[in-house]
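Written below as structure tokens is the structure these notes are about.
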Amino acid sequence: MEYRHQCHVGDHGDALKHPVLSEFVKMLMQQHSSLTVIDTHSGTARYDLTTAPSNHAGEFAEGVGYLWRNKGYLPNAFSSFISILEYYNPNQLITDYPGSAAIAYQHGRSQDNFYFSDIQQSEADLLRSNIEEIQQQRGVSSALHVSAGDGLTALPDIVVKSDRHQLVVIDPPYESDDEYLAVIDALAKAYQKSDKVSALIWYPLYTEDKSSLILSHCFDAMQAEELPNPIKAELRLRDPKGDDRLIGSGLLLFNPPQGLAGKVADILEFLHRDLATHGEGYWQMRGLA
């Protein structure tokens with residue numbers, strides 16, 4: 001596998017995904033007395049930015065780094081995410097970045113369950129260590145399950161273990177066209193096991209745009225009544241320039257809690273206004289159908 005979370009952590013994709021995820025988890029916990037969170041591609045949960053690759057600085061600066069520098073002027077929809085960043089970084093500089101697993105686990109209560117996985121054994125080992133450190137430092141007593149393996153393959157079997165409400169987080173590296181299809185297939189299988197499922201799927205937007213693979217496959221699953229109609233939230237920050245840079249990203253939000261859509265719109269609007277290159281690109285939020 002070529003992809004490493006460390007190379008891209010805190011980029012503009014994370015500047016969209018992680019504030020939305022933090023609000024998603026927080027609001028579901030306000031609505032449900034207990035929650036299971038399943039993150040299929042967790043990485044290591046925490047990242048030391050002082051050891052990041054040389055190409056990381058630019059990506060971070062135009063993403064979460066911008067949010068951090070302007071945290072006093074952000075819409076309220078960013079507040080939960082910024083509070084988590086401030087916990088890990090009490091000084092002016094960000095050196096410790098929490099990934100999706102750490103962000104979700106920060107909200108955990110004693111009655112909640114968390115299932116985290118990464119396909120690489122070394123990443124899964126570090127993932128467990130990092131989450132256990134959060135348990136000790138923050139006093140989080142939520143049940144923790146960490147595994148090394150294919151999180152998409154395991155997803156339906158995890159969902160069936162509980163009758164509580166569940167949040168599924170899917171953010172694979174998308175190294176092949178098949179992965180765009182596999183995320184929808186896995187979520188559809190999970191919905192066959194339980195209708196008490198909310199989900200957040202992140203997908204990239206490149207100059208050579210392959211998002212139609214995941215969107216059309218999702219639409220087909222909806223037509224077959226295998227999935228509910230999600231909210232599609234997309235942010236593109238620059239027009240295609242003939243290179244392979246990430247120019248934007250999107251989220252598919254299934255069964256979101258009441259009130260989340262307004263916060264997502266605020267996040268999208270701010271990010272496009274402040275991060276887009278000379279007003280290029282767009283933001284949009286609507287149902288897929």
Only residues that are of a type outside the set (A, V, I, L, M, F, W, C), under 18 Å from the mean Cα position of the chain (by Cα) and buried (at least 21 other Cβ atoms within 10 Å of the Cβ): list them for region 187-212, please. Ser198, Tyr203
Here are the criteria: (1) more than 16 Å from the chain's Cα centre (by Cα); (2) under 25 Å from Leu35 (Cα atoms). Tell me which single one Asn255 does not satisfy. (1)
Just checking: which of the helices (runs of 4 or more DSSP H) contained wholly in region 76-143 hold 3 or more residues that are charged (D, E, K, R) and without any contact (Cβ under 8 Å) to a residue 40 or more places away in the chain? 121-138
Test of understanding: among Leu85, Leu155, Leu127, Leu67, which residue is within 19 Å of Met27 (Cα to Cα) and open to solvent by less than 30 Å² (accessible area, probe 1.4 Å)? Leu85
Is it the case that Tyr66 is touching a strand residue (DSSP E or B) at 6+ places or on another chain (Cβ under 9 Å) and not in a loop (DSSP other than H, G, I, E, B)? no
Take Leu268 and tell me if it is open to solvent by less than 60 Å² (accessible area, probe 1.4 Å) and not in a helix (DSSP H, G or I). no
From Leu215, Leu235, grab the single residue that is crowded, with 16+ Cβ neighbours inside 10 Å and under 24 Å from Gly65 (Cα atoms). Leu235
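Results for (1) open to solvent by less than 10 Å² (accessible area, probe 1.4 Å); (2) in a loop (DSSP other than H, G, I, E, B); (3) at pLDDT 95 or above; (4) under 16 Å from Ala102 (Cα atoms), shown as yes or no for each residue.
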position: Tyr3; (1), (2), (3), (4): no, yes, no, no
position: Gly10; (1), (2), (3), (4): yes, yes, no, yes
position: His18; (1), (2), (3), (4): yes, no, yes, yes
position: Ile38; (1), (2), (3), (4): yes, no, yes, yes
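Looking at Ser117, Ser100, Ser22, Ser79, which one is under 17 Å from the mean Cα position of the chain (by Cα) and surrounded by fewer than 19 Cβ atoms within 10 Å (Cβ to Cβ)?
Just a single option satisfies the conditions, and that option is Ser79.
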All but one of (1) within 27 Å of Met285 (Cβ to Cβ); (2) open to solvent by 10 Å² or more (accessible area, probe 1.4 Å); (3) in contact with a helix residue (DSSP H, G or I) (Cβ under 8 Å, 6 or more places away or on another chain); (4) of a type in the set (A, V, I, L, M) hold for Ala61; state the number of the condition that does not hold. (3)
Report yes if Ile184 is crowded, with 21+ Cβ neighbours inside 10 Å and touching a Pro at 6+ places or on another chain (Cβ under 9 Å), otherwise no. no
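The values are calculated or read from the model by the stated rules, or taken from the named source; none is laboratory data. For clarity, every value in this text was computed on a predicted model and none was experimentally measured. Note: ideal-geometry Cβ built from the backbone for every residue, glycine included; neighbour counts use all protein chains shown. We work out accessible area using only protein heavy atoms, side chains counted, and drop any ligands, DNA or RNA first. Shrake-Rupley method; radii C 1.70, N 1.55, O 1.52, S 1.80 Å.
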